[in-house]
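What follows is one structure encoded as structure tokens, with my remarks underneath.
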Amino acid sequence: MRKVTAGLFSTIDGVVQAPDQWQTAFDDEMGAVLSRMLEEQDAVLLGRVTFTEWAGYWPTSTDEPFASWINSTPKYVASSTLDSVDGWSNSTLIKGSAADFVRELREQPGGAIGTAGSPSLVRSLVEEGLIDELTLMISPVVAGGGRKRLFPADSPQHTFELVEAKPTSSGTVIASYRPSR
């Protein structure tokens with residue numbers, strides 16, 4: 001069975017929305033963790049917001065090596081409002097339940113299935129018991145109110161086990177968790 005992973009940039013107060021607005025640094029250690037995650041993945045799950053933002057940039061980007069990777073990797077988009085994702089090669093719109101689609105995708109041969117950004121999708125996959133590993137890159141900043149957190153105050157309780165945690169040279173803490181099952 002394929003593993004489903006999620007990697008998100010986060011603040012100390014749990015904000016995951018718009019890291020470009022609050023992330024103070026991106027260091028070599030963070031780059032190494034992201035590279036390792038990408039090497040294991042051969043499919044990406046995206047929510048509508050992340051897909052829409054990225055589809056406007058990555059298809060024509062020369063920002064290597066990520067541009068080549070994301071453009072050539074199969075992308076599966078969870079959205080109830082998009083009619084088509086044909087504008088970005090290797091993209092497939094998930095029809096129906098994203099959870100059911102991910103359950104079926106996990107049964108197919110291949111490497112890890114990663115999520116990119118897409119906090120609402122990550123949250124729904126956690127609630128469905130479909131995330132096998134969650135990596136948070138926690139920046140030493142408080143973003144404050146009015147921004148989306150990975151888990152809002154009314155989220156049900158979920159318990160995780162720490163797999164690994166390490167600080168980076170910029171003060172970010174990279175913490176990986178697996179759901180307790």
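The values are calculated or read from the model by the stated rules, or taken from the named source; none is laboratory data. None of these values were measured; they are calculated from a predicted model. Every residue, glycine among them, receives a Cβ derived from its backbone with ideal geometry; neighbour counts consider all protein chains shown.
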Exercise for the section: Taking the options A112, A153, A143, A165, name whichever one is more than 13 Å from the chain's Cα centre (by Cα) and at pLDDT 95 or above. Expected result: A165
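Would it be correct to say that V33 is surrounded by 11 or more Cβ atoms within 10 Å (Cβ to Cβ), of a type outside the set (D, E) and over 18 Å from I113 (Cα atoms)? Quick ask: steps written out before the conclusion?
Details: surrounded by 11 or more Cβ atoms within 10 Å (Cβ to Cβ): yes; of a type outside the set (D, E): yes; over 18 Å from I113 (Cα atoms): no.
Criteria not met by V33.
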Handout entry: Subset of the range 106-165 [in a strand (DSSP E or B) and among the small types (G, A, S)]
Key = A112, G114, A116, S139, A165
Completion exercise
So the helices (runs of 4 or more DSSP H) completely within the range 1-104 holding 1 or more residues that are aliphatic (A, V, I, L, M) and farther than 27 Å from F151 by Cα are 66-72
Problem - Tabulated pairs, the range 117-128, first buried (at least 21 other Cβ atoms within 10 Å of the Cβ) and at pLDDT below 95, second part of a helix (DSSP H, G or I) and not aromatic (F, W, Y), C-beta under 7 angstrom, 6+ apart or interchain - result: G117/T50; S118/T50
Practice task
Kindly indicate whether A25 is small (G, A, S), over 19 Å from T5 (Cα atoms) and within 15 Å of the chain's Cα centre (by Cα).
Solution key: no
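Only residues that are over 14 Å from the mean Cα position of the chain (by Cα) and either among the small types (G, A, S) or more than 27 Å from G110 (Cα to Cα) (or both): list them for the range 2-14, please.
T11, I12, D13, G14, listed by residue number.
Counting only residues that are among the polar types (S, T, N, Q) and either in contact with a Ser or Thr (Cβ under 8 Å, 6 or more places away or on another chain) or within 20 Å of D42 (Cβ to Cβ) (or both), which one in the range 1-26 is modelled with the lowest pLDDT? Step through it out loud before you land on a result.
First, the residues of the range 1-26 that are among the polar types (S, T, N, Q): 5, 10-11, 17, 21, 23-24.
Imposing the further condition that a residue be either in contact with a Ser or Thr (Cβ under 8 Å, 6 or more places away or on another chain) or within 20 Å of D42 (Cβ to Cβ) (or both) reduces the set to 5, 10-11, 23-24.
Numbers: T5: 97, S10: 95, T11: 95, Q23: 91, T24: 86.
Restricting to residues being among the polar types (S, T, N, Q) and either in contact with a Ser or Thr (Cβ under 8 Å, 6 or more places away or on another chain) or within 20 Å of D42 (Cβ to Cβ) (or both), the top hit is T24.
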Completion exercise
Contact list, first residue from the range 90-105 and at pLDDT 95 or above, second anywhere and charged (D, E, K, R) and part of a helix (DSSP H, G or I), beta-carbon distance below 8 Å, six or more apart or interchain, is none
